[in-house]
Structures are given as structure tokens and as C-alpha cells.
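The values are calculated or read from the model by the stated rules, or taken from the named source; none is laboratory data. Remember, predicted model here, so these are calculated numbers, not experimental data. Positions of Cβ are backbone-derived with ideal geometry, glycine not excepted, and every protein chain shown enters the neighbour counts. These accessible areas exclude ligands, DNA and RNA; they are computed on the full protein's heavy atoms, side chains included. Shrake-Rupley method; radii C 1.70, N 1.55, O 1.52, S 1.80 Å.
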Amino acid sequence: MTHRLNAQDVSFGYGGEDVVRHLDVAIPTGEITVIVGANGCGKSTLLRGLVRLLKPTTGQVLLDGASIHDLRSVDVARTIGLLPQSPVAPDGISVADLVGRGRYPHQGWFRQWTAEDDRAVASALAATGTTELADRTLAELSGGQRQRVWVAMTLAQETDLLLLDEPTTFLDIHHQVDLLDLLTDLNRDAGRTIVMVLHDLNLACRYADHLIAMKQGRIAAEGAPSAVVTPELVTEVFGLDAQVVPDPVSGTPMVVPRGRHHR
């Protein structure tokens with residue numbers, strides 16, 4: 001197993017207080033990794049640290065064997081694409097202009113916009129079903145449409161590693177499945193390494209090759225979903241009493257909560 005992106009003994013936090021503490025994380029290259037856990041457990045903090053939006057208070061993040069904080073920003077941006085939570089766009093920007101910003105890492109002093117950039121933007125719009133929105137402003141769109149446009153911008157970056165923080169936010173179930181199928185296609189057909197934070201544990205189990213379950217800033221379990229998702233883990237990580245049964249469609253673990261009224 002190869003690991004282009006990994007972290008050694010890393011801690012990350014805010015305002016002098018660590019949220020993620022002394023983690024060793026190795027992202028399997030060419031696979032889909034999904035990070036799950038209860039609210040506030042450090043999922044998004046870990047993702048932000050892996051893409052160097054946060055500087056570790058201990059340890060280091062390595063990209064292709066080099067400390068990610070020693071690399072040029074443009075080199076990191078050409079290798080890792082990030083879709084953060086609640087991204088912010090300039091007022092009045094059009095969909096096409098926003099998606100085009102995903103091509104910025106490929107520009108330079110002597111390289112201007114090319115037909116290749118046009119192709120990448122058109123491909124990203126088509127893949128996310130947003131081509132017909134290209135001339136509209138972001139402010140005109142629904143929450144679900146905006147989320148798909150942000151995904152398109154990330155896809156237009158055409159990086160080998162793609163990190164997405166809750167990419168299914170604001171999407172109805174149809175578009176959630178469409179997006180996760182698209183990311184699976186990118187993984188299988190283009191060999192891209194995908195890392196996602198997801199709230200839906202059943203979708204995480206269905207789409208992940210590698211699952212990382214976090215609790216209070218630490219890793220509670222990791223591995224293939226079929227190997228790590230058990231009733232005991234669901235109770236430990238989410239405080240939820242549940243059965244775990246085979247998903248009738250995919251055969252992956254499916255968590256069925258009991259709740260107080262259905263014991």
C-alpha cells in the first residue's frame with residue numbers, strides 16, 4: 001500500500017487548544033477514504049490539517065515524503081484539491097468564473113488561459129450537472145445547486161488527491177448518490193485518491209474503501225468498513241444503540257438505529 005499523503009504524530013487545534021491529538025494517519029493512494037464521527041470529534045480539523053490550512057502543533061504532514069509546509073503553495077494546489085465546509089465566493093461571481101478559478105494553480109507568469117483550461121471547466125460543469133447554470137450568478141442558485149458548483153470548481157483543479165469536507169451538504173438524496181457515484185468514477189477511472197468527511201454512516205460504508213472513525217480527536221478505528229463497523233463501534237463513536245446488518249444493495253454494513261420507541 002502506498003501513501004502519498006500521511007501524517008506523523010500530528011496535533012491540530014485553534015487558539016492554543018488541540019482538537020486533534022497525536023494522530024498517525026496514512027491515506028491509501030488510489031482509494032476512497034471516508035472520515036466519520038460525532039459532531040466536534042475533529043473530522044474537519046484533521047482534513048484542514050492534511051491540506052495545510054492548519055499548522056500542526058506536534059508532528060508533521062508529508063506529501064510525497066516531504067513536509068507539506070516546506071512545499072510551494074502552487075505545488076500543493078496542483079496536487080491536492082480541497083472543498084471546505086461553507087466556502088465563500090465574491091459577490092456577483094458567475095458559475096463559469098467560479099469554476100474557472102479551479103484552474104488558477106495551472107496558470108503562471110508565462111502561461112495564460114488555454115483550450116485545456118476550457119476543456120477542464122466544461123468537463124467539471126458537465127460532470128456535476130451544472131452546465132446550464134454557467135452564466136448565472138452563484139447568488140441566484142439554491143443551496144444544492146451552489147454545492148454542486150463548488151464541487152465542479154474542485155474537479156476543474158484536476159488534482160491527483162481530492163479532499164472534500166461534507167460534500168453532500170445541502171444535497172437531496174438523489175444528488176447525494178449522484179455526487180458519490182461521480183467521485184467513485186473519478187477514483188476508478190482516473191485513479192484519483194479521494195478523502196471525504198461524511199455524516200451519513202451508511203453512505204460512508206457503501207462508498208469507502210477505507211474508513212476512519214474518530215472520537216474526541218483520536219482515531220477509534222480504521223480499515224475496511226466491513227472490518228470495523230460493528231454495533232460496539234457505533235455505540236462507542238456515536239453513542240447510538242443500533243443494529244448493523246448487510247446493506248441489501250451493496251452488502252456493506254448498514255446501521256439501523258433502535259431509538260427509544262423501537263427497542
Legend entry - Overall Cα dimensions of the range 4-80, principal axis frame, Å, largest first: 30, 28, 19
Legend entry - Portion, in percent, of the accessible area of the range 177-258 that falls on carbon or sulfur, probe 1.4 Å: 49 percent
Inset, instruction - Add +1 for every Lys or Arg and -1 for every Asp or Glu among the other residues with Cβ under 14 Å from the Cβ of Ser226, and state the total. - result: -2
Inset, instruction - Find the Rg to Rh ratio for the range 136-182, where Rh is the Kirkwood radius over alpha-carbon pairs and Rg uses the same atoms. - result: 0.97
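Which whole-number percent gives the relative contact order of the chain, counting Cα pairs below 8 Å spaced six or more residues apart? Each step should come with its number before you reach the end.
Values: 495 pairs, mean separation 60.4, N = 263.
Result for the chain is 23 percent.
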Legend entry - Average accessible area per residue (Å²) across the chain - probe 1.4 Å, nucleic acids and ligands excluded: 48 Å²
Inset, instruction - Could you work out, for the range 88-158, what percent of all Cα-Cα pairs fall into each 10 Å distance bin, beginning at 0 Å and stopping at the bin that holds the largest distance? - result: 22, 54, 21, 2
Inset, instruction - Starting from the exponent 0.38 and prefactor 2.2 Å, build the expected Rg for the range 40-90 from its residue count and divide its actual Cα Rg by it. - result: 1.21
Inset, instruction - Report Rg (one decimal) and Dmax (nearest whole number) for the range 4-137, counting Cα atoms only, units Å. - result: 17.4, 47
Legend entry - Estimated D of the range 77-211 in µm² per second, where Rh is the Kirkwood radius over Cα pairs and Stokes-Einstein applies at 25 °C, 0.890 mPa s: 162 µm²/s
Inset, instruction - Starting with the highest mean, order 11-24, 197-210 by the number of other Cβ atoms within 10 Å, averaged over the residues of each peptide. - result: 197-210, 11-24
Legend entry - Phi-based couplings in Hz for the range 121-129 (Karplus 6.51, -1.76, 1.60; Gly and Pro marked x): 5, 4, 5, 5, 5, 5, 5, 9, x
Legend entry - Most fluctuating residue given options Arg136, Arg52, Arg103, as computed from a GNM of the chain linking Cα atoms under 10 Å: Arg136
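If I take all pairs of Cα atoms in the range 145-263, what percentage of them are more than 20 Å from each other?
Numbers: 3322 of 7021 pairs.
I get 47 percent for the Cα pairs in the range 145-263 exceeding 20 Å.
Just to check, using Stokes-Einstein with a Kirkwood Rh over alpha carbon pairs, what's the diffusion coefficient of the chain at 10 °C and 1.306 mPa s in µm²/s?
D, rounded to a whole number, is 82 µm²/s.
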